[in-house]
Amino acid sequence: MASVSVTNVRKSYGHVEVLHGVGIEIEDGEFVILVGPSGCGKSTLLRMIAGLEDISGGDIAIGGKVVNEVAPKHRDIAMVFQSYALYPHMTVEANMGFSLRLAKAPKNEIQQRVRDAARILGLENLLDRYPRNLSGGQRQRVAMGRAIVRQPQVFLFDEPLSNLDAKLRVQMRSEIKQLHQRLRTTTVYVTHDQVEAMTMADRIVVMRDGYVEQIGSPLDLYDRPDNLFVASFIGSPGMNLIRGHISTDGPVEFIAADGGRMPLPGKVDLERGAEVVYGLRPEHVTIGEGGVDAEVILIEPTGAETQIVCRIGAENVVVALRDRIAVSAGDTLSLIPDLGKLHLFDGITGRRL
Amino acid sequence: MKQSLGHRLFIWTGVAVLLIWSLGPIYWTLASSVTPAEDFSARPIHFLPQRFTLDHFSRLLGIDLARIGGVEVWAQFRSALLNSIVTSIAATVLCVAISALGAYAFTRLTFPGRRFLFGAVVATLAIPAYAVLIPLYQIMISLRLVDTYLGVALIYVSAYLPLSLWLLRSVFEALPLSLEEAAQLDGAGRLYIFFKIVLPLAGPGLTAAAILTFLGAWGQYLVPLIFSPNVTKPLTVLIPEFVTKNFIDYGLITASGSIAIIIPALVVIFLNRYLVSGLLAGSVK
């Protein structure tokens, strides 16, 4: 096992720079997830750690040793590909033992390690099968098995669950997390799915357009997003974000672009008239007397909670309630925001205020 | 879906015309090879042989010559058959081996002039053989390669390499790169990946290239006419020699033609098994 440090790493294709000086310190044994919309550079960064892409600038070190010029096979890493990349003409056993055979490990050791990995992943009965005779979930497990057998310093996962159906994805998610808890191998995992990131990671790196937007634990990102992008990216349903400004006279209030008024916590220290974005997570709203009037547009029960889309002025706001209340479209609700959990962002820079 | 009678009639007529067009000459060759020599001049022409004989084959293969009489051709035929087989197989093996390595380099390695070089090699497809025969003859003379297996095979290779290279490059390009990357991370080197991962998966493409090269080499006439005058003379050059100034030996021509059909047919039937697609199923996605 080893730490991974990415220092001011850049990547250009010709004149186009796709990673603009990325820095991430991953501790030994940590499970770090790189997340962001497609094209943000997360997969490119992962492939650079693997050695499949050249590094245009900066350093990548594994276990304290800079590996910029080290061939992939000498980096002691294992990667699980989005497409699984199983060797179709080899059995499951041969697939999993491929790297050990290449390393000329003794036959009985190969067999032992393949069997151990197969046991962990529940593949014992499939060792003689070919990849074409496996289901999607089984192929996914074989791909992981091939990585485990190596006992590498670092695991790299490139969107490993995106080819699976929703139910299997949830199941594999917990299996991968349990696997990490068991093996404690440093893991870097790429996904575009923020739910995957939230549920599995020790720390999340949110990326956009080749920049790191924020690094932190899942709940850090959720509770204290650094900027509008992270605020909107993390959380489902997403945070309600309303553009507007601070009232110029009278009581200190937030005035939405359409003129609607929302309360602010008493202790805010903001310039009058400043442009801000008012951020409120759906579950940080309660219903009670003396709140902001909102018209119910749509009711979406999920069972555990009920999501109500309502309109305050011209803005749509989503409210998630654990209680089941009797409302229907067209009703008016009085919403009370939990001001202790309010997020305010600079309207121009998007930074957290 | 029910098709109208007219539509079906139209289709069946088309199929029948195509079948007659492509199989007709083959049938005529096979039928003539078992027809007695006297019947060749019979009029009207019979579609089915009226009498059956294996005399032409006996004469060709030198069996029971005393009974039939005539000239001994078995020695010539045997060596021509052998020459055809040897040069075609040699050309096929060399061509597929060289083009597989070359196509892989053109697909996965980046080196300066890669696109230009590939374009230049493939562009030679457009050069007709007769345009370069004379200079080629001079080169082969100076290399002492005229009328040698190696010389003829090398000319075939140069003729079929561009096509094979082109075909295999598109085959390799279609293979998922992630497989090779996975192997790379697993510790495999370039050549190991090529032989253990890429080649097994490119089986159908290699087979197609082999069939094309073999059939092309088997049917070559102009090149061996010039470069294989004696020792390495193949069937294509020998068979027309059964036509002499005074006599066209239809029996020998059709009997040797029948055998010349059977060999490539066997090769195609044998290799066809490896043309199966779907070999990649289950590796990615």
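The values are calculated or read from the model by the stated rules, or taken from the named source; none is laboratory data. Given the structure is predicted, the values throughout are model-derived calculations rather than measurements. Note: ideal-geometry Cβ built from the backbone for every residue, glycine included; neighbour counts use all protein chains shown.
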* Asked: Does B:Ile193 satisfy being of a type in the set (Val, Ile, Thr) and farther than 22 Å from B:Leu94 by Cβ?
  -> yes
* Could you check B:Glu173 against (1) within 14 Å of chain A (Cβ to nearest Cβ); (2) more than 25 Å from B:Ala90 (Cα to Cα); (3) surrounded by fewer than 23 Cβ atoms within 10 Å (Cβ to Cβ) and say which number it fails? => (1)
* When both residues are 6+ apart or on different chains and their Cβ atoms are under 8 Å apart, which pairs have a first residue that lies in the stretch B:144-163 and is at positive phi and assigned by TED's automatic domain parsing to the domain that holds B:Ile226, and a second that is hydrophobic (A, V, I, L, M, F, W, C) and assigned to a loop (DSSP other than H, G, I, E, B)? -> B:Asp147/B:Val231
* Asked: Does the stretch A:70-120 hold any residues that are more than 13 Å from A:Arg150 (Cα to Cα), touching a residue at least 40 places away in the same chain (Cβ under 8 Å) and hydrophobic (A, V, I, L, M, F, W, C), and which are they?
  -> A:Phe81, A:Ala85, A:Leu86, A:Met90, A:Val92, A:Ile120
* Among the numbered conditions (1) within 14 Å of another protein chain (Cβ to nearest Cβ); (2) touching a residue at least 24 places away in the same chain (Cβ under 8 Å), tell me where B:Ala255 comes up short. => (1)
* Taking the condition in contact with a His (Cβ under 6 Å, 6 or more places away or on another chain), touching a residue at least 12 places away in the same chain (Cβ under 8 Å) and away from chain B (no Cβ under 14 Å), does A:Tyr211 pass? -> yes
* Asked: From the list A:Lys42, A:Lys107, A:Lys73, which one is within 27 Å of A:Ile26 (Cα to Cα) and either away from chain B (no Cβ under 11 Å) or surrounded by 19 or more Cβ atoms within 10 Å (Cβ to Cβ) (or both)?
  -> A:Lys42
* To do: Go through A:Ala329, A:Ala274, A:Ala294, A:Ala304 for me and flag whichever is closer than 16 Å to A:Ser236 by Cα, at pLDDT 85 or above and of a type in the set (Gly, Ala, Ser).
  => A:Ala304
* Asked: When you look at A:Gly291, is it assigned to a loop (DSSP other than H, G, I, E, B) and surrounded by 16 or more Cβ atoms within 10 Å (Cβ to Cβ), yes or no?
  -> no
* To do: Could you run through the stretch B:199-225 and say how many residues are within 12 Å of chain A (Cβ to nearest Cβ) and surrounded by 20 or more Cβ atoms within 10 Å (Cβ to Cβ)?
  => 2
* To do: Could you grab me the full set of residues in the stretch A:45-70 that are surrounded by fewer than 21 Cβ atoms within 10 Å (Cβ to Cβ), within 13 Å of another protein chain (Cβ to nearest Cβ) and not in a loop (DSSP other than H, G, I, E, B)?
  => A:Leu46, A:Arg47
* **Neighbours by Cβ (under 6 Å, 6+ apart or cross-chain): first from the stretch B:24-52, at positive phi; second surrounded by 10 or more Cβ atoms within 10 Å (Cβ to Cβ) and part of a loop (DSSP other than H, G, I, E, B)** => none
* Asked: Would you pick out the residues in the stretch A:121-136 that are within 13 Å of chain B (Cβ to nearest Cβ) and within 14 Å of A:Gln171 (Cα to Cα)?
  -> A:Gly136
